[in-house]
Every structure is written in C-alpha cells, then in structure tokens.
C-alpha cells in the first residue's frame, strides 16, 4: 500500500502492515499524541514521537520497532516518555543521540556481559555466551542500534542454527538474546525486545537417543583401533584418551588448563566455576594419564590450555566435535562418543562390583548423603585406586586379557591399601 492511499487516521493495523517502502525513509502521522510511523527503504518500520524539549526545540524520540511494538504499546511508550520529560525536564533519548554508538547490540552486550559476570555466572557459561554472539549474532546485527533490530533479524539467526541441526546452540542463544534485550530495556537503552517472539517460531529439537557407548566385549577392538589411528592429530588423540581414562566430560578435558594439574599429588583440580555442579572437582591421575600429559607438554605448554587452537578468543580450545570425530574416523560413528565413554566406565566398574559412590563421584554426580564427604575429598584415595584399576583393565583387555589376569583384577576390586 502506498502512503498516498491512506484515507483515515489513526492508522489502522492493516495500513501499518501494508505500507510499502520508498527510496527514502518517510514518516506518516499516526493521527494522535504526536506519534509518527516511520518506514525505511529496507522495509523496516518503527514508531517515532515528535516532541519539544525543555528549550522549545522540536525533536524525535524512538518508541519501538514495528510489529514487535504495537500501536497500543507505542501510545503507552509515548505517554510514559512525555510524563518523564515533564517530571525531569530531560529526555533519555537526547542522551542516546549524543552517544549514538553506545546503544549498538555490541555495546549493549558488553554491559549485559559485565552484569552477568558480577552476578557470579560461571566463567565457562560466559565464554560460551560470548562465543555464540561473536560467531552467530555480531556479524549480521552487532553494529545495529538495538532499536533497529527487528524480529525478522532474530528469527533469521535462530533459523540458520536450527537448519544446521545445532538446536542446543539455538536454544541457548534464544535465551541469551532475550535476556540481553530485556536488560537493554531496563537500562533505558532500548524500547522493545524483538527476541521475545523467537520461542513462538522455534523448531522443537528432534528426540535423540542417549550418548552411544560400548560394552566391555566391544572395547578391545575399539581401543586397539584408536591406538593405531592415523586419521587424527596427536593432540586430538591425546584428548580422546584423557576422556576415556578419566571418564571426564569432554568439555572438562577440552578446557583443561596446565595450572589445574598437580603431578606431585597426582591430581587434576577443576574449579567450581567450570563445573556443572558448581562444586570443585578433583580427579586422581593414573600412570597412563600422567604419561599422556607429559608427552603433550612439548606441543601445547606455551598456552594456558592443554588443547588450544589458533583462533584466539573466538575459539580458544578444541571444538566440542573434535573428539567424536576422532571416533567416527575409525569406524565408530554413532557407536561411541566422548560422553558415551562415561557410560562405558560406569557400566564396566559397576558390573565388576566397584563401590557405587566412588564411581558416581568420579563422574561428578553428587547425591545427597555423600556431598559433604565429597567436599572434604575423603573419597580421593579409593577413587585413585579404582581409576588405576580401570586404566590397567582397559590396557589389559586391549592386549587380550587372560583368565588368570581376570582373576587378579577381580581380587583387587574395592581393595584399599
């Protein structure tokens, strides 16, 4: 619809939706309260308020983007704006115009990020959030003022992630975007939240099976094939073996730092802020693990991380798909995963009769009744013995374990010196 075809005011919703863009941006008088409806050449639409400041000069104020801001909301925003102007004699919009660059999404995100940091959000979560915005959001809308960002802008970001099958990232980013805009509104930096509608058009994540894992009789071929693999780099294979030998979450291994390891005490201590449970986690180091890490030192000790990349802040450590890819390349796609190795560990040690509390604590599964004991690390010694048994047992079945060896291993279960 061309604006020359407008016949009555206030403008009806059908008119607002149908107005066509022109070569230059234009504003149409909405028909009440000094409100105007602006249409940009790219089709973006927004509400403006024409008002006089304390010096008697005419100025424009933004009331929100359309359609996320309805006509009713625009009228309310205009009323709130005029009330505040009359009470204080100054306008927040004037301040924003003087520092136009300060309300881009990039700038607002930094303010939101700093607040979350002060709120005590885990460092790992903050890194993940910054990485997601840097990769998926900033390239397309980072330099836009937050009030110029539309619902369609946000939908396009979500759709791209869901089309790629990265539903987990899409879900997290939807939440982070929503909270970023909510923060911007509360801080007086934005008038609307275009991300609030994303949940209405999101695609439900397909149901997936539990992480694929192997049982004991399937392990010999897998372990032997992994040792002989020529398809992955040394650092990737080292990470894969650390996941297997420690039964740790792949993310814990990928983000492991050199300062976390104490080779004299033979422990790997992961701070509470990096843990899903928000509690410090201590992992005993076996002979196999120490040997792997010693061999890794010449390659990555220049970095704070054991498994750094060359991408810097954007992706400081090995990607979350790397370990699973190493398994896929040796023929175990959809048969074994990094996280699945935790299921393998739990199943194997349980079947051999190891104390359930010890294996649960090794997996950082804290349950009521043993939490206080875990905090004092009183189960560290038995877990160290259990993990050395587990590592030795894996090595033995890879080489071809004998019945006599099985008896020896069986006699060591739950035996604490």
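The values are calculated or read from the model by the stated rules, or taken from the named source; none is laboratory data. All of these numbers come straight from a predicted model, not from anything done at the bench. Virtual Cβ from ideal backbone geometry, glycine too; neighbours counted across all protein chains shown.
Okay, here's what the table says:
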{"quantity": "Residues of region 175-199 classified as part of a helix (DSSP H, G or I) and over 28 Å from residue 41 (Cα atoms), total", "calculated": "6"}
{"quantity": "Filter pass, residue 147 being assigned to a helix (DSSP H, G or I), in contact with a strand residue (DSSP E or B) (Cβ under 6 Å, 6 or more places away or on another chain) and in the same structural domain as residue 125 (by TED's automatic domain parsing)", "calculated": "yes"}
{"quantity": "Residues satisfying the stated conditions in region 145-178, i.e. within 18 Å of residue 111 (Cβ to Cβ) and surrounded by fewer than 16 Cβ atoms within 10 Å (Cβ to Cβ)", "calculated": "175"}
{"quantity": "Residue 277 being surrounded by fewer than 14 Cβ atoms within 10 Å (Cβ to Cβ), part of a helix (DSSP H, G or I), modelled with pLDDT under 95 and in the same structural domain as residue 257 (by TED's automatic domain parsing)", "calculated": "no"}
{"quantity": "Residue match in region 102-110 (condition: part of a helix (DSSP H, G or I), more than 30 Å from residue 276 (Cα to Cα) and at pLDDT below 85)", "calculated": "yes"}
{"quantity": "Test for residue 132: is it under 24 Å from residue 273 (Cβ atoms), touching a residue at least 60 places away in the same chain (Cβ under 8 Å) and not assigned by TED's automatic domain parsing to the domain that holds residue 253", "calculated": "no"}
{"quantity": "Members of region 17-39 that are touching a residue at least 40 places away in the same chain (Cβ under 8 Å) and farther than 22 Å from residue 81 by Cα", "calculated": "17"}
{"quantity": "Single residue of region 311-336 satisfying the filter (more than 20 Å from the chain's Cα centre (by Cα) and under 18 Å from residue 253 (Cα atoms)) that is surrounded by the fewest Cβ atoms within 10 Å (Cβ to Cβ)", "calculated": "325"}
{"quantity": "Qualifying residue in region 295-313 (condition: assigned to a helix (DSSP H, G or I), out of contact with any helix residue (DSSP H, G or I) (no Cβ under 6 Å at 6 or more places or on another chain), farther than 28 Å from residue 223 by Cα and in contact (Cβ under 8 Å) with a residue 40 or more places away in the chain)", "calculated": "yes"}
{"quantity": "Scope region 231-247; condition part of a loop (DSSP other than H, G, I, E, B) and under 13 Å from residue 296 (Cα atoms); matching residues", "calculated": "233"}
{"quantity": "Filter result for residue 135 (at pLDDT 85 or above and buried (at least 16 other Cβ atoms within 10 Å of the Cβ))", "calculated": "no"}
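Residue-wise test of (1) farther than 22 Å from residue 142 by Cα; (2) surrounded by 18 or more Cβ atoms within 10 Å (Cβ to Cβ).
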{"position": "189", "(1), (2)": "no, yes"}
{"position": "197", "(1), (2)": "no, no"}
{"position": "213", "(1), (2)": "yes, yes"}
{"position": "218", "(1), (2)": "yes, no"}
{"position": "242", "(1), (2)": "yes, yes"}
{"position": "258", "(1), (2)": "yes, no"}
{"position": "272", "(1), (2)": "yes, no"}
